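Coordinate-derived values only; no laboratory data. Just so it is clear, the model here is predicted, and its values are computed rather than measured. Counting neighbours? That spans all protein chains shown, and the Cβs are built from the backbone with ideal geometry, glycine included.
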Amino acid sequence: MKAKRDIKYNVPFCFLFLGGFPMCRKLLLAFLFVFFLFSPGYAAEERYSIPIDNCPILGPENAQITIIEFLDFQ
Amino acid sequence: MAEYPGKIRLILKNYPYRYRDYSHLAAESLLAAGDQGKYWEMHDIMITNSPKLDRESLISYAEELKLDKKQFTSDLDSMKHRKLIQQDEDLAVAMDLYNTPTFFINGRRVIGNRPYEYFKKIIEEELAYVKK
């Protein structure tokens, strides 16, 4: 008896399979359209959250822009 | 910062390179001066005079800033702020930073020294972004 493959390995094949059905093809296209429309947002530059407790600050505490510099003086 | 009055704040994190002679001393010097209220002044002097950051030079800068020389020298020699410096180093290592300076502008990473216009562009973008 043939063992069933884990469903996760069948996902890509499902997309190919579903593309054969007109309605599913439309849904697939709609999904891809929305994905690529919003993917630049997800691909946006990563923002790091860095703790600054008790660090001396130059400038106003509530400034709109915070610049944190990791430096070596030498 | 002069071009954007009141809109930018700057915070420093020490990331002394372990194989440079004076990096840790300079970091300690900054914090020791900070204890006496001259953090940013010491920063400016060291930036201007780098790489002249040996012990005697640092003490001369402290004198120039009219710091308590005895206290400053004691702090320097005992590396009083070793733990704080190590915290910054550990953070940098945890973030996988490999170059100094590395900047984070509202969390956006900028590696290395860049032309002013490069920073200005990011600042303008962030100011527009924050206004939304």
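Using a cut-off of 16 Å between alpha-carbon atoms, which aspartates and glutamates can reach B:LYS120, once sequence neighbours fewer than 8 places away in the same chain are excluded?
By straight Cα distance, B:LYS120 reaches A:GLU69, B:GLU3.
Could you give me the ³J(HN,Hα) list for segment B:87-104, computed from phi with Karplus coefficients 6.51, -1.76, 1.60 and θ = phi - 60°, whole Hz, x at Gly and Pro?
4, 5, 4, 4, 5, 4, 5, 4, 8, 6, 6, 10, 8, 10, x, 10, 10, 10
Could you work out the mean count of beta carbons from other protein chains within 10 Å of each residue's beta carbon in B:104-112? Numbers along the way, then the final one.
Working: counts 9, 6, 7, 8, 6, 6, 2, 1, 0.
Neighbouring Cβ atoms belonging to other protein chains average 5 per residue here.
To make sure I understand the rule: partners must be aspartates and glutamates, Cα under 14 Å from the Cα of B:LYS83, and not fewer than 8 residues away in the same chain. Which ones qualify?
Within the straight-line limit of under 14 Å, B:LYS83 reaches these aspartates and glutamates: B:GLU28, B:ASP75.
From the residues B:THR73, B:VAL93, B:SER57, which one has its Cα farthest along the dipole of segment B:52-106 in the positive direction, the dipole being from +1 and -1 charges on Cβ of Lys/Arg and Asp/Glu about the Cα centre?
Among B:THR73, B:VAL93, B:SER57, the one farthest towards the positive end of the dipole of segment B:52-106 is B:THR73.
Loop only by DSSP, 10 or fewer other Cβ within 10 Å of the Cβ. Give me the GluC sites (Glu not before Pro) in segment B:101-132 that pass, ordered by residue number.
Hits after loop and neighbour filter: nothing returned.
Taking every residue in A:50-57, how many Cβ atoms of other protein chains lie within 10 Å of its Cβ, on average?
Whole-number average of other-chain Cβ neighbours for A:50-57 is 5.
Quote the relative contact order of segment B:92-132 in percent (integer), defining contacts as alpha-carbon pairs under 8 Å separated by 6+ residues.
26
How high is the relative contact order of chain B, given as a whole-number percent (alpha carbon pairs under 8 Å, six or more residues apart)?
21
Starting at the first residue of segment B:21-35, write each ³J(HN,Hα) from the Karplus equation 6.51 cos²θ - 1.76 cosθ + 1.60 with θ = phi - 60°, in whole Hz, x for Gly and Pro.
5, 10, 4, 5, 4, 5, 4, 5, 4, 4, 6, 5, 5, x, 4
Calculate the mean, over all residues of peptide B:68-75, of how many other protein chain Cβ atoms lie within 10 angstrom of the residue's Cβ. It would help to have the intermediate numbers written out before the result.
Working: counts 0, 0, 0, 0, 0, 0, 0, 0.
That works out to 0 on average.
Give a residue-ordered list of calculated ³J(HN,Hα) values for segment B:108-118 (Karplus: 6.51 cos²θ - 1.76 cosθ + 1.60, θ = phi - 60°; whole Hz; x for Gly, Pro).
Each residue of segment B:108-118 in turn: 7, 7, 10, 9, x, 6, 10, x, 3, 4, 5 Hz.
Per 0.36 nm of contour for each residue apart, how much would the distance between B:THR48 and B:ASN99 grow if the chain were fully extended, relative to their Cα-Cα spacing? Could you put the intermediate results ahead of the total?
Numbers: separation 51, 0.36 × 51 = 18.36 nm, distance 1.99 nm.
Answer, rounded to one decimal: 16.4 nm.
With charges set only on the Cβ (+1 for Lys and Arg, -1 for Asp and Glu), what does the dipole of chain B come to about its Cα centre, in debye to the nearest 20?
Working: 21 positive and 21 negative charges, 89 e Å.
The dipole of chain B has a size of about 420 debye.
Can you give me the long-range amide H partners of B:LYS13? Hydrogens built in the peptide plane at 1.01 Å from N, cutoff under 5 Å, separation of 5 or more residues or another chain.
Close amide H contacts, sequence-distant or interchain: A:GLU69, A:PHE70, A:LEU71.
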